[in-house]
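Comments concern the structure below.
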Amino acid sequence: MIDVIDLKKHFGEFQALKGITTTIHEGEKVAVIGPSGSGKSTFLRCLNCLEDPTSGDIVFDGVNIADFKVDINIHRRKMGMVFQQFNLFNNKTVIENIMMAPLYIKKQELRSLKLKNFFIKITNIFTKNKKNLYEIDKAKSQIVEEVRENALRLLKRIGLEDKADVYPSTLSGGQKQRIAIVRALAMNPKVILFDEPTSALDPEMVGEVLDLIKQLADEGMTLVIVTHEMGFAREVATRVIFMDEGMIVEENTPEEIFTNPQNPRTKAFLSKVL
């Protein structure tokens, strides 16, 4: 699904990533662990080009999205992202936050069809060959209603349907993060990237967020999770990547990484956090 080939990222003279090569397969749950400053979050943000790679390739569904000629926004629709700090829009209600991206895309698609039909009509006026118009089977009002129904369905899934019309500032951290997750789900992505999704939460709120991520894992969603929650990584991940100093030092199954690490740096890190 995602092939990362010799990925490098520099911030000035600082080398945050020093040649990352790995493959994330469909259905995998990949936990990325390592000390602070090891490049974990930079690696994750490069996967959907929130950080532009300095060099290397990121091939997602057969397209090198690291190529500056590629319209990255098209491919981001299939790659959800959940941040440490939730990144909800405080001036919009919960349901408006969830609806925003899918509604924008569907309206753009409708506008595109209408524009194509306009040019077809103009062309048909001046040519003998009459080209058929694209079929438009939904009005804007129908699109809005469908997107709203899906948003409500997602809110019901996490037990927060009663929060649809409130603003994020009234919610707990755990509620905000669960809403951020279903906001990513509203785009029907092929993969979701999680950047330390529990690091900004109070300890009693961590469990409710991890439980939702576990549900997604059980349903077969492809996940890449930067996390400091070692127990969670061990339970949910199908593969663990250990990073240090901008490199992948070791990657293996959770069982092998946590019980039989091979690299001295991996051993030293785990001895401090387990």
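The values are calculated or read from the model by the stated rules, or taken from the named source; none is laboratory data. Keep in mind the model is a prediction, meaning the values are calculated, not measured. Here the Cβ is made from the backbone with ideal geometry for all residues, glycine too, and neighbour counts use every protein chain on show. These accessible areas exclude ligands, DNA and RNA; they are computed on the full protein's heavy atoms, side chains included. Shrake-Rupley method; radii C 1.70, N 1.55, O 1.52, S 1.80 Å.
Is it true that ILE213 is within 14 Å of VAL30 (Cα to Cα), assigned to a helix (DSSP H, G or I) and over 21 Å from the mean Cα position of the chain (by Cα)?
No, not satisfied.
Farther than 30 Å from LEU212 by Cα and open to solvent by 80 Å² or more (accessible area, probe 1.4 Å): which single residue out of LYS106, LYS116 fits that description?
Among LYS106, LYS116, only LYS116 is farther than 30 Å from LEU212 by Cα and open to solvent by 80 Å² or more (accessible area, probe 1.4 Å).
Specify the residue that is farthest from VAL191 (Cα to Cα); the eligible residues are those in the range 72-102 that are surrounded by 15 or more Cβ atoms within 10 Å (Cβ to Cβ) and over 18 Å from the mean Cα position of the chain (by Cα).
THR93
Within the range 16-36, does at least one residue satisfy the condition of being open to solvent by 10 Å² or more (accessible area, probe 1.4 Å), assigned to a strand (DSSP E or B), out of contact with any helix residue (DSSP H, G or I) (no Cβ under 6 Å at 6 or more places or on another chain) and of a type in the set (Gly, Ala, Ser)?
Within the range 16-36, one or more residues are open to solvent by 10 Å² or more (accessible area, probe 1.4 Å), assigned to a strand (DSSP E or B), out of contact with any helix residue (DSSP H, G or I) (no Cβ under 6 Å at 6 or more places or on another chain) and of a type in the set (Gly, Ala, Ser).
For residues in the range 148-161 being of a type outside the set (Lys, Arg) and touching a residue at least 12 places away in the same chain (Cβ under 8 Å), which is farthest from MET1 (Cα to Cα)?
LEU160
Among the residues of the range 215-257 satisfying the criterion of being over 28 Å from ARG178 (Cα atoms) and of a type in the set (A, V, I, L, M, F, W, C), which is surrounded by the most Cβ atoms within 10 Å (Cβ to Cβ)?
ILE257
I'd like to check something: does the range 43-57 contain any residue that is closer than 30 Å to ASP218 by Cα, of a type in the set (Gly, Ala, Ser), open to solvent by less than 40 Å² (accessible area, probe 1.4 Å) and touching a residue at least 12 places away in the same chain (Cβ under 8 Å)?
no
Which members of the range 162-202 meet the condition of being of a type in the set (Gly, Ala, Ser), open to solvent by 10 Å² or more (accessible area, probe 1.4 Å) and free of Cβ contacts under 8 Å to residues at least 40 places away in the same chain?
Residue satisfying the conditions is SER172 alone.
Okay, residues lined up against (1) among the aliphatic types (A, V, I, L, M); (2) touching a strand residue (DSSP E or B) at 6+ places or on another chain (Cβ under 7 Å); (3) modelled with pLDDT of 95 or more:
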| position | (1), (2), (3) |
| --- | --- |
| ASP3 | no, yes, yes |
| ILE20 | yes, yes, yes |
| LYS29 | no, yes, yes |
| SER41 | no, yes, yes |
| LYS69 | no, no, no |
| PHE83 | no, yes, no |
| VAL94 | yes, no, yes |
